[in-house]
Amino acid sequence: MGNEHYKTGRFKEADQLYSQAILQNPTDPKLFSNRALTRVKLQDWTGAENDARKAIELYGPNHPLSMKSYYNLAQALLGLKHPVEALETAKHAYKICLETRDSSSEVLSQFILRTKQAQWQINETARLRQLNETLANVEDLLQQQLDKELDDLEVRYSRQEIGEIGRNEERAALEKEAEERRRNIREAFKNAQVEETAERIVPDYLVDGITFEIMHDPVITPSGVSYERISILRHLKASPFDPLTREPLTEKQLIPNVALKNASSEFLEKNGWAVDY
């Protein structure tokens, strides 16, 4: 009954039925896996995390059937704003997919890219917040300096060391100088935010020649060209030939391009926007 409710989108009812079933059979990993998936749909991230971890524990960490639970766990972790652990968990699920030739590998491949994007967004938000806080602190110091200079000016005026015209002229000069300093500081901070203003370009060598999307798990063919693993496997199912040379090509001839994979990961860490390229 829980499965039927899930298929019709009645996730709360499905959750209740899975919970009842778990009370009767608390050692069945499939029940925890199904409830975890339901809780992902309900965006009950903590509940989904707990259920997914329990399912993995019951299945065994390297059991082929634990793959979906790792994926559920990764989604829950991402929902809980833990992108680093979510990424590692998703990579493990992706590895099981490739080993078992599960059809979920393409979905997981896209999720891994989204997780890298989420990680970049969190880092970028923290960087900009820190940058803005630093700017605010610098401007506060500039204002304190101006206030002191104006106070000193008023002391001189009260001692009749300068007249009213001189005071007004010097006050205007101090305020103009302070505004100029403030403008220069803001311009310097603006230039520091190069990601916000610079043209965004993905290097051609990181782009898959079949889907034209950035690669995260590239493999190299005997002809020396690299493709995203999922896209070249999809191509080979339809046509068992090298896309470039048209020579016969099999999955066994594909070799992981570790250097390109590392380059892609490093690029995505600094340019999360590239996932939507």
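Leaving ligands and nucleic acids out of the surface, order His63, His5, His92 by accessible area at 1.4 Å, largest first.
Values: His63 75, His5 30, His92 50 Å².
Ranked list, largest accessible area first: His63, His92, His5.
With only alpha-carbon atoms counted, please give the Rg and Dmax of the chain, in Å.
Taking only Cα atoms of the chain, I get Rg and Dmax of 29.1, 96 Å.
Assign unit charges at the C-beta atoms only (+1 for Lys and Arg, -1 for Asp and Glu), then state the dipole size of the chain relative to its Cα centre in Debye, rounded to the nearest 20. Walk me through the numbers before you get to the answer.
Working: 37 positive and 45 negative charges, 317 e Å.
Value, rounded to 20: 1520 debye.
Cα-Cα over 19 Å: which of Lys91/Lys252; Lys68/Lys261; Lys7/Lys68; Lys41/Lys68? Don't jump to the answer; show the numbers that get you there.
On the way: Lys91/Lys252 21 Å; Lys68/Lys261 24 Å; Lys7/Lys68 17 Å; Lys41/Lys68 14 Å.
The pairs that break the limit, which is 19 Å between Cα atoms, are Lys91/Lys252; Lys68/Lys261.
If you plug each phi of region 68-75 into the Karplus form 6.51 cos²θ - 1.76 cosθ + 1.60 with θ = phi - 60°, what whole-Hz ³J(HN,Hα) values come out, in order, with x for Gly and Pro?
Per-residue couplings from phi come out as 5, 5, 5, 5, 4, 4, 4, 5 Hz.
Would you mind getting the accessible area per residue of the chain, heavy atoms of the protein chains only, 1.4 Å probe, in Å²? List each step's numbers first, then the result.
Numbers: 16500 Å² over 277 residues.
Normalised by residue count, the accessible surface of the chain is 60 Å².
Rounding to the nearest 20 debye, state how big the charge dipole of region 9-128 is about its Cα centre with +1 on each Lys and Arg Cβ and -1 on each Asp and Glu Cβ. Please list the in-between numbers first.
Numbers: 16 positive and 13 negative charges, 37 e Å.
Dipole size: approximately 180 debye.
Angle, helix 29-41 long axis vs. longest principal axis of the chain, Cα atoms, 0 to 90°, nearest 10?
That works out to roughly 40 degrees.
Express in Å², to the nearest 10, the accessible area of Val219 obtained by rolling a 1.4 Å probe over the protein heavy atoms while all chains stay in place.
Roll a 1.4 Å probe over it and Val219 shows about 0 Å².
Looking only at Thr89, Thr221, Thr134, which one moves most when the chain is put into a Gaussian network model with springs between Cα atoms under 10 Å?
Thr134
Roll a 1.4 Å probe over the protein heavy atoms and report the accessible area of Arg246 in Å², nearest 10.
120 Å²
Going by Cα centres, region 142-182 and region 219-277 are how many Å apart?
66 Å
Arrange the residues Lys81, Lys237 by how much accessible surface each exposes, largest first, with a 1.4 angstrom probe.
On the way: Lys81 145, Lys237 180 Å².
The residues order as Lys237, Lys81, largest area first.
Ordering Leu42, Leu31 by how much accessible area each has at a 1.4 Å probe, largest first, what is the list?
Details: Leu42 65, Leu31 30 Å².
Greatest to least solvent exposure: Leu42, Leu31.
For the chain, what does -39500 (n - 2.57) per DSSP helix run (n ≥ 4), summed and divided by total residues, give at 222 nm, in deg cm²/dmol to the nearest 500?
On the way: 11 runs with 189 residues, N = 277.
Mean residue ellipticity, 222 nm, calculated: -23000 deg cm²/dmol.
Roughly how tilted is helix 11-24, in degrees to the nearest 10 and between 0 and 90, from the longest Cα axis of the chain?
Orientation of helix 11-24: about 60 degrees from the principal axis.
The values are calculated or read from the model by the stated rules, or taken from the named source; none is laboratory data. Values in this document were obtained by computation on a predicted structure and should not be read as measured data. All Cβ positions, glycine included, derive from the backbone under ideal geometry; neighbour counts span all protein chains shown. Surface accessibility is based on the protein's heavy atoms, side chains included, excluding ligands, DNA and RNA. Shrake-Rupley method; radii C 1.70, N 1.55, O 1.52, S 1.80 Å.
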